[in-house]
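A.B. asks: Below is one structure. I have some questions about it.
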Amino acid sequence: MDIMNEIKKVDLDLSHYEQWQMWAVGGAGLLLLFLGYKIKKIAFFIVWFLLGYILTGYLMPIINGAVAEIANSDLWQNLLPIAGGLLLALMGFMVEKVCIGGAVFGLALMMTAQYFGTEIQTMAIGGVVGVVLAGFAVMMLKPATIIATSVAGGYALTLAILALAPDLDKEMLFWPMILGFSALGSFVQFLTTRHDS
């Protein structure tokens, strides 16, 4: 089995998630969007959980192809993304700089895969952009934490809204929604944390 061909076949449409899952993703997105810096330990846990959950969801077709028993079990289809999320979320309790750098890098890769596809050249460019952004994030920790949690919250909220409202034009609204939510969340967080160190 050629792994790269399987990765290229991954369906990035989130409509296969159940409605309660998208409500949970949207709720987590709202928390990150407006309270990310104030609850940064929890925020890092949520960001890493969302990264792990969504990335594991992207990999489920490959896992299903490799292990047929998993493909036929609703329990495994729900449990594996949660386990992937929890595995990465444990990283949320590690060193703050590693968390913020890794979260920014992971977000860059997820957004690249979601919007531009999973071809190797595209992912390599997304990886380079992610490394550069992660470097900036580590140098400017508080602003980077606010912006990263706002972007993560905006991304999660956008995915939830687009999955819960299938009539919306995903191609046209994806980036404007992420940018709009991220800007709003950053503004609110900078305003409410201006006296925090």
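A.B. asks: Sort Thr122, Thr145 by accessible area with a 1.4 Å probe, largest first. It would help to have the intermediate numbers written out before the result.
C.D. replies: Details: Thr122 35, Thr145 0 Å².
Ranking Thr122, Thr145 by accessible area, largest first, yields Thr122, Thr145.
A.B. asks: Another question, then. I need the peptides 59-69, 44-54 ranked by packing, meaning the mean over residues of other C-beta atoms within 10 angstrom, with the highest value on top.
C.D. replies: Details: 59-69: 14.1, 44-54: 25.1.
Peptide ranking by packing, descending: 44-54, 59-69.
A.B. asks: Once R0 is set to 35 Å, what does the formula 1/(1 + (r/R0)^6) return for the Cβ-Cβ distance between Ile42 and Gln121, expressed as a FRET efficiency to the nearest 0.05?
C.D. replies: Values: r = 36 Å, r/R0 = 1.04.
The value I calculate is 0.45.
A.B. asks: Something else: On C-alpha positions alone, give me the angle between the axis of helix 40-66 and the longest principal axis of the chain, in degrees, nearest 10.
C.D. replies: Around 10 degrees separate the two axes.
A.B. asks: Another question, then. Can you work out the accessible area per residue across the chain, with the rest of the protein chains kept in place, probe 1.4 Å, in square angstrom?
C.D. replies: Values: 10250 Å² over 197 residues.
I get 52 Å² per residue for the chain.
A.B. asks: What value, in deg cm²/dmol to 500, does the helix sum -39500 (n - 2.57) over DSSP H runs of n ≥ 4 give at 222 nm once divided by the residues of the chain?
C.D. replies: Details: 9 runs with 158 residues, N = 197.
Value at 222 nm, helices only: -27000 deg cm²/dmol.
A.B. asks: Within the chain, how many Lys pairs sit with Cα atoms under 27 Å apart, leaving out pairs fewer than 8 places apart on the same chain?
C.D. replies: Step by step, the pairs that qualify in the chain add up to 9.
A.B. asks: Let me ask something additional. Could you tell me how many degrees, from 0 to 90 and to the nearest 10, lie between the Cα long axis of helix 74-89 and the main elongation axis, the longest principal axis, of the Cα atoms of the chain?
C.D. replies: 30
A.B. asks: Within segment 101-115, whose backbone N sits under 20 Å from a point 7 Å along Cα→Cβ of Leu141?
C.D. replies: Output list for this probe position: 101-106.
A.B. asks: With a 10 Å cut-off between alpha carbons and a GNM built on the chain, which of Val104, Val132, Val25 moves the most?
C.D. replies: Val132
A.B. asks: Still on this structure: For segment 178-183, just list the computed ³J(HN,Hα) in residue order, Karplus coefficients 6.51, -1.76 and 1.60, θ = phi - 60°, integers in Hz, with x standing in for Gly and Pro.
C.D. replies: Rounded to whole hertz, the list is 4, 5, x, 5, 5, 5.
A.B. asks: Roughly how big is the chain's charge dipole about its Cα centre, with Cβ charges of +1 (Lys, Arg) and -1 (Asp, Glu), in debye to the nearest 20?
C.D. replies: Working: 9 positive and 13 negative charges, 190 e Å.
Charge dipole, the chain, about its Cα centre: 920 debye, nearest 20.
A.B. asks: Where is the GNM fluctuation largest for the chain (alpha-carbon springs, 10 angstrom cutoff): Gly57, Gly106, Gly117?
C.D. replies: Gly117
A.B. asks: From the phi angles alone, apply the Karplus equation (6.51, -1.76, 1.60; θ = phi - 60°) to segment 142-151 and give each ³J(HN,Hα) in whole Hz, x where the residue is Gly or Pro.
C.D. replies: For segment 142-151, the Karplus-derived couplings read 5, x, 5, 5, 5, 5, 5, 5, 5, 5 Hz, x marking Gly and Pro.
The values are calculated or read from the model by the stated rules, or taken from the named source; none is laboratory data. On a predicted model such as this, the values are computed, not experimentally measured, just so you know. Every residue, glycine among them, receives a Cβ derived from its backbone with ideal geometry; neighbour counts consider all protein chains shown. Just so you know, the surface numbers come from the protein's heavy atoms only, side chains and all, with ligands and any DNA or RNA stripped out. Shrake-Rupley method; radii C 1.70, N 1.55, O 1.52, S 1.80 Å.
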